[in-house]
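Working notes, structure below.
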Amino acid sequence: MFVLEGQGVTKYFGGLAAVSDVDFHVDQGEIVGLIGPNGAGKTTLFGLISAALVPNSGTIRFKGENITGLRPHQICKKGLARTFQSVKVFSDMPVINNVVLGVHFGTSERVKAAQAANEADRLLEFVGLSGRAMVPAKDLTLVNQKLLEVARALATKPEVLLLDEIMAGLNSTEITQAMELVSKIRAQGITIFMIEHVMKAIMSVCDRIMVLDHGKKIAEGTPQEIATSKMVVEVYLGE
Amino acid sequence: MLEVRDLNTHYGKVQALWDISLEVNEGEIVALVGSNGAGKTTLVNTISGLLKPSSGSVSFLDKRINSLPAHVIVELGISYVPQGGKVFPEMTVRENMEMGAYPIRAWKQKDATFEQVYRIFPRLKEREKQLARTLSGGEHQMLAIGRALMSKPMLCIFDEPSYGLAPLLVKEMFQTIQNLKEQGITIFLIEQNVRRSLEIADRAYVLENGRVCLQGDCVELLQSDHVRKAYMGL
Amino acid sequence: MIQLSWASIRASKSYLIPGIILLVGLIVLAGLPSFGPKYSVIFLSTIFMYIVLTTGWVMFSGPTRQISLATAVFFGIGIYIAAILGKHMPLLVMVLIGGLASSVMALLVGSLTLRLKGVYFTIFTFGLLELIKNAINWYEVTFTGTRGRFVVVVDNNTIYLYMLAITVLTVLTAFLIRRSKYGLALQSIGEQEEAAAHIGINVTLMKVSIFAISAFFMGAAGAVMATRWTYIDPFMAFNMNYSFTPVLMAIFGGVGQLGGVVSGAIIFAYLEQILITKYPFYYMLVFGIVMVVSVLFLPNGLAGVVKNWRARTTGGRYVRT
């Protein structure tokens with residue numbers, strides 16, 4: 001049984017199939033990459049998994065349970081968290097409160113205020129935002145806002161984490177740090193499904209890569225297989 | 001063409017830029033590189049009129065522009081592609097691009113420019129009639145660049161144009177920027193992708209903590225230890 | 001501002017002095033019927049009413065950023081409960097039922113409409129007011145033959161004490177919610193609803209709940225105030241002023257801070273009472289001018305002014321980090 005899988009997942013917007021009959025699976029402990037040209041349907045697929053969107057057809061299973069039709073907060077409580085391509089931090093509140101919210105509401109446990117604050121502190125340190133706990137989230141740089149989203153998602157104690165282009169806009173050093181963070185997260189036992197355009201990161205960190213184009217899955221395999229696939233090079237990689 | 005002299009900008013009480021001086025000459029590609037938070041977007045916002053500097057000047061074609069409102073600056077021939085490609089969500093792709101052709105001189109050449117831009121970004125033609133908000137993140141970026149090109153600028157300022165673009169598109173994007181240079185458009189390029197920017201640009205400035213810490217010929221900068229260590233992870 | 005637990009509030013020194021002042025103030029207010037001038041009791045009851053309506057409105061519309069114009073609906077339901085039931089049961093029970101009835105209406109309306117975005121929600125709530133007003137009017141004309149009802153009479157001192165109690169409860173509830181994780185969650189809903197849902201917050205449940213809680217206090221206040229008017233009809237009970245005025249008061253006082261909201265209500269209500277007596281024909285004009293001025297020059301209301309003054313004297317702002 002795969003921790004996360006989907007069969008025949010399809011989503012139409014008007015007459016346009018954003019995601020068309022996509023099968024996918026992620027095994028416990030894997031880091032799976034999702035790549036494809038802009039507009040291929042990657043973020044839409046994430047939206048379907050996290051229940052931000054409802055599929056027109058197909059099923060999605062999480063830990064063997066059919067989660068199609070549940071609502072986002074329910075899916076979060078079951079152990080699936082995500083970050084957003086266009087960063088959605090809670091701008092007017094301090095960094096730490098962003099994470100505290102994840103601690104309080106992300107699981108079905110009741111947590112006391114002091115405990116939540118401690119947990120949030122620990123998570124901020126884990127992602128590298130320790131000194132910034134009291135800063136309003138809107139005053140963070142883009143990179144740090146992305147880290148905050150990760151910390152917030154981790155606060156919900158997920159078993160599967162969906163990362164949507166967290167490396168966009170990062171320089172080389174920051175990309176290396178982000179890659180280390182992803183590895184650290186996997187070392188905690190969390191399965192990762194990540195959308196990325198930064199090839200250096202995807203190729204070195206992922207166990208397996210899935211390629212979408214125009215809503216369809218066109219390739220799947222190890223990083224080596226994908227890097228050498230003629231079709232993928234033509235459609236996406238370019239060199 | 002563009003000259004910035006001793007520019008200082010504040011956000012409220014906090015100073016973000018210190019004594020910035022730089023210039024972009026006609027026909028050049030000048031790159032501005034630096035980490036997140038170094039002040040690149042602040043500098044660009046000041047140049048394009050969205051922020052007012054506390055001291056110093058910005059001149060375009062020997063005319064002071066730092067006290068002018070943004071839309072006048074566009075009429076003068078400066079086009080700005082914002083980071084994250086801000087598009088008009090409730091307008092179609094085509095309408096967004098028409099908005100780009102708003103300055104009078106650009107409006108007249110509208111149809112020819114449409115052809116040009118669609119050739120560079122065929123996907124935009126595919127999605128011509130779609131509402132901009134239905135586009136993916138990277139497509140927003142494409143659209144924003146297309147829109148900026150529609151205004152037939154003399155100087156084009158790109159703020160992180162490769163952000164969120166697929167590798168193939170990143171390659172095409174930098175190719176496009178080089179093509180634009182060949183068509184006589186002067187380019188000021190702000191980028192995180194230091195290697196590629198330095199490869200296509202003539203000169204570059206390195207911004208750190210709101211100050212210009214390095215500048216010069218790109219070939220030299222690519223060899224510089226500091227640049228290689230700090231920005232290229234080598 | 002990490003959330004403070006109830007225990008740490010009690011323990012914290014910075015709450016000690018304001019706490020004592022409040023307590024003393026409350027005791028004085030409670031004793032007012034006995035030794036204060038007669039008019040003050042009536043005057044203050046009206047001010048309490050506005051504090052309840054304004055604080056109730058902010059409880060929901062503040063964090064969620066969905067502007068509700070249904071305040072008059074909930075207030076009016078309370079009024080009508082008083083008219084219908086007041087003669088048959090003790091005052092306390094009637095007031096509680098008034099609050100509950102409004103809550104139930106809020107739950108109904110909320111679950112149907114909270115998905116509406118922005119302006120549409122606001123217009124709907126306003127339409128609801130008109131709907132209920134005319135529905136009841138039609139009912140009365142058709143079935144009871146007369147329009148309006150008499151309300152049981154209650155003496156002014158009792159009204160005053162009930163309003164004082166409701167005000168204290170409303171403000172206390174608003175304060176506690178704001179400080180709790182639910183208040184934080186509501187704020188996150190207003191800022192990034194999708195992200196809030198994705199970290200486990202049941203957005204619909206939260207919004208409907210706070211809507212219903214705020215309605216309870218509005219209904220209870222309505223039930224009490226009705227007894228002062230002795231005779232009510234649908235147009236008096238469901239008066240759109242009670243929807244708009246709390247919004248104005250909250251904006252004037254500063255929506256972000258509870259202290260601002262309450263101050264806004266007090267100042268505005270006080271102004272209204274004074275202006276109505278001195279310039280019965282011009283007071284609305286003065287109101288309008290005050291509103292325009294405060295929106296133009298005090299975008300964060302009075303609370304914003306206080307905050308800026310404080311920031312200037314303690315210095316410092318955040319750098320991009």
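How big, in percent, is the set of alpha carbon pairs in segment B:99-200 lying more than 20 Å apart? In whole percent, the share of Cα-Cα pairs in segment B:99-200 beyond 20 Å is 35. Rounded to the nearest 20, the size of the Cβ-charge dipole of the protein assembly as shown about its Cα centre is 2360 debye, with Lys and Arg at +1 and Asp and Glu at -1.
Among the listed pairs B:Lys86/B:Lys181; A:Lys42/B:Lys171; A:Lys78/A:Lys112; A:Lys230/B:Lys181, those with a Cα-Cα distance over 26 Å are A:Lys230/B:Lys181. The label-point distance for A:Glu180 and C:Arg310, in a model that sets each label 7 Å from Cα toward Cβ, rounds to 4.0 nm. Each principal axis of the protein assembly as shown carries a Cα extent, and these read 89, 67, 56 Å when sorted largest first. Across the options A:Ile75, B:Gly184, C:Tyr231, the greatest Cα extent toward the positive end of the charge dipole of the protein assembly as shown (unit charges at beta carbon of Lys, Arg, Asp, Glu) belongs to C:Tyr231. Helices of chain A meeting both criteria, an alpha-carbon length of 24 angstrom or more along the long axis and an average Kyte-Doolittle score not below -1.0, with helices taken as full DSSP H segments, do not occur. Start at zero, step by 10 Å, and the Cα-Cα distances of chain C spread as 6, 24, 34, 25, 9, 2, 0 percent across the bins. Each 10 Å bin from zero up to the one holding the largest Cα-Cα distance in segment B:134-175 carries the following percent of pairs: 28, 56, 16, 0. With the helix formula -39500 (n - 2.57) applied to DSSP H stretches of n ≥ 4, chain A reaches a computed 222 nm mean residue ellipticity of -10500 deg cm²/dmol.
Assuming charge only on the beta carbon of Lys and Arg (+1) and of Asp and Glu (-1), the dipole of chain C about its Cα centre is about 800 debye to the nearest 20.
Projecting the Cα atoms of A:Thr228, A:Leu16, A:Asn56 onto the charge dipole of segment A:4-237, computed from C-beta unit charges around the Cα centre, puts A:Asn56 farthest toward the positive end. Of all lysines in the structure, the ones whose alpha carbon falls short of 17 Å from that of C:Lys117, not counting any fewer than 8 places away in one chain, are C:Lys207.
Please give the length that would be gained between B:Gln109 and B:Glu208 if that part of the chain were fully extended, namely 0.36 nm times their separation in residues minus their C-alpha to C-alpha distance (nm, one decimal).
Values: separation 99, 0.36 × 99 = 35.64 nm, distance 4.00 nm.
Full extension of this stretch gives 31.6 nm more.
C:Tyr279 to A:Ser130: FRET efficiency via 1/(1 + (r/R0)^6), r the Cβ-Cβ distance, R0 60 Å, to the nearest 0.05? Calculated value: 0.50.
Residues within the reach of a label modelled at C:Ala135 (point 7 angstrom out along Cα to beta-carbon, backbone nitrogen below 18 Å), restricted to segment C:215-240, are C:215-216, C:219, C:233-240. Charge tally around A:His25: other residues with Cβ under 14 Å, Lys/Arg +1 each, Asp/Glu -1 each, net -2.
Pairs spanning more than 24 Å between alpha-carbon atoms, out of A:Lys138/B:Lys52; B:Lys13/C:Lys307; A:Lys138/A:Lys184; B:Lys125/B:Lys152; A:Lys88/B:Lys52: A:Lys138/A:Lys184; A:Lys88/B:Lys52.
Angle check, please: helix B:137-150 long axis (alpha carbons) against the longest principal axis of chain B (alpha carbons), in degrees 0 to 90, nearest 10. The helix B:137-150 is inclined about 90 degrees to chain B.
Note on A:96-108: average number of Cβ atoms from other chains within 10 Å of each residue's Cβ is 5. Here, segment A:175-238 has an Rg and a Dmax of 12.5, 36 Å when only alpha carbons are counted. Modelled this way, with points 7 Å down the Cα-to-C-beta line, the labels at A:Lys200 and A:Leu16 are 3.2 nm from one another.
Once the Cβ-Cβ distance between B:Ala70 and B:His226 is put in as r, and R0 is 41 Å, what FRET efficiency do you end up with, to the nearest 0.05?
Numbers: r = 34 Å, r/R0 = 0.84.
Calculated transfer efficiency: 0.75.
Here the sum of -39500 (n - 2.57) over DSSP H runs of 4 or more residues, divided by the residues of chain B, equals -11500 deg cm²/dmol at 222 nm, to the nearest 500.
Evaluate E = 1/(1 + (r/R0)^6) for A:Lys63 and A:Lys216, where r is the Cβ-Cβ distance and R0 equals 35 Å; express this FRET efficiency to the nearest 0.05. That gives a FRET efficiency of 0.85.
Taking each full run of DSSP H in chain C as one helix, which ones are at least 27 Å long along their axis (Cα atoms) and have mean Kyte-Doolittle hydropathy of at least 1.6? Walk me through the intermediate numbers first.
Numbers: long enough: C:16-35 (28 Å, 2.43); C:38-64 (40 Å, 1.14); C:91-113 (33 Å, 2.22); C:118-139 (32 Å, 0.87); C:156-179 (34 Å, 1.16); C:203-229 (39 Å, 1.38); C:258-278 (30 Å, 1.40).
Both cut-offs are met by C:16-35, C:91-113.
Gain in length, A:Gln7 to A:Arg71, computed as 0.36 nm per residue apart minus the alpha-carbon separation, to one decimal in nm? Show your work: numbers first, answer last.
Values: separation 64, 0.36 × 64 = 23.04 nm, distance 1.90 nm.
This chain segment gains 21.1 nm when fully extended.
Tell me what chain C gives for mean residue ellipticity at 222 nm when only DSSP H runs of n ≥ 4 count, each as -39,500 (n - 2.57), the sum divided by the residue total, rounded to 500 deg cm²/dmol.
Details: 15 runs with 248 residues, N = 321.
Theoretical 222 nm ellipticity from helices: -26000 deg cm²/dmol.
Between B:Val14 and A:Glu109, the modelled label-to-label distance comes to 3.4 nm, taking each label 7 Å out from Cα in the direction of the beta carbon. Determine which residues of segment C:205-240 fall in the zone a paramagnetic label at C:Leu92 would reach in this model, i.e. backbone nitrogen under 11 Å from the point 7 Å along Cα→Cβ. Inside the label zone: nothing. Just to be sure I understand the curve: with the Debye formula and one point per C-alpha of segment A:4-237, what is log10 I(q)/I(0) at q = 0.10, 0.14 Å⁻¹? So the normalised log intensities work out to -0.45, -0.89.
Where nothing but the Cβ of Lys and Arg (+1) and of Asp and Glu (-1) is charged, how large is the charge dipole of segment B:89-152 around its Cα centre, in debye to the nearest 20?
Magnitude of the dipole: close to 160 debye.
Bear in mind these aren't lab numbers, they're just calculated from the coordinates by the rules spelled out. Here the structure is a predicted model, which is why all the values come from computation and not from measurement. As a convention, Cβ positions derive from the backbone with ideal geometry for all residues, glycine included, and neighbour counts pool all protein chains shown.
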